[in-house]
Amino acid sequence: MVEILVRRLLPGDEAAAAAMVATMTGVFEEASETLPADYLGNLLRSGSFWAIAAFDGADVVGGLTAHTLPMTRSPSSEIFIYDLAVRADHQRQGVGARLMQELGRAAAEQGITEIFVPADNEDTGALEFYLSQGGIPQPVTFFTLPPDRPVAGAVIE
């Protein structure tokens with residue numbers, strides 16, 4: 001069995017970040033723009049952005065992206081996992097769990113104790129995975145709002 005290396009990507013890892021994004025969009029079968037190196041560099045320099053990649057040798061086989069959100073109810077932060085994906089040929093081998101463990105370890109080093117992630121109710125694979133990681137489901141509905149849509153009853157001057 002090949003040893004999988006899991007680590008947070010940092011400034012200077014733009015090529016690995018591009019490979020991670022390409023791997024993740026491939027797993028999700030999503031269309032995606034090629035992100036410029038300077039854009040990726042800005043993300044990697046941001047202390048609030050998390051990019052954790054799983055490597056099989058030089059190949060990126062999975063990744064996790066997340067964002068630190070400062071709270072307003074206390075002087076603390078929480079981490080919002082935006083995406084987690086593992087290439088099909090490496091799924092069910094503990095790679096996703098390793099990505100989650102690395103995020104949890106690194107978050108704890110920064111004093112962050114709360115991590116949350118949305119999962120589509122229809123995505124039974126994601127639901128099972130997050131339950132297996134100790135996730136506790138919460139009844140929440142996410143809304144996507146277009147930025148240019150007027151609010152009903154609002155007066156726009």
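Taken over segment 110-137, the criterion of being under 27 Å from P75 (Cβ atoms) and modelled with pLDDT under 85 is satisfied by no residue.
If a residue must be among the polar types (S, T, N, Q) and either part of a loop (DSSP other than H, G, I, E, B) or in contact with a His (Cβ under 9 Å, 6 or more places away or on another chain) (or both), how many such residues does segment 58-89 contain? Looking only at that region, the number is 3.
Checking V117, V60 one by one, the residue that is touching a residue at least 24 places away in the same chain (Cβ under 8 Å) and in contact with a Ser or Thr (Cβ under 7 Å, 6 or more places away or on another chain) is V60 and no other. Within segment 49-87, the set of residues being of a type outside the set (A, V, I, L, M, F, W, C) and either touching a Pro at 6+ places or on another chain (Cβ under 6 Å) or under 22 Å from A19 (Cβ atoms) (or both) comprises D56, G57, D59, G62, G63, T65, H67, S77, Y82, D83, R87.
Test A106 against the stated conditions and say whether it is part of a strand (DSSP E or B), out of contact with any His (no Cβ under 7 Å at 6 or more places or on another chain) and in contact (Cβ under 8 Å) with a residue 60 or more places away in the chain. When the stated conditions are applied, A106 does not pass them.
Selection within segment 19-43: residues that are part of a helix (DSSP H, G or I) and touching a helix residue (DSSP H, G or I) at 6+ places or on another chain (Cβ under 6 Å). The member of this set that is surrounded by the most Cβ atoms within 10 Å (Cβ to Cβ) is L40.
The values are calculated or read from the model by the stated rules, or taken from the named source; none is laboratory data. Quick caveat: nothing in here was measured; it's all calculated off a predicted structure. Cβ atoms come from the backbone with ideal geometry, glycine included; neighbour counts cover every protein chain shown.
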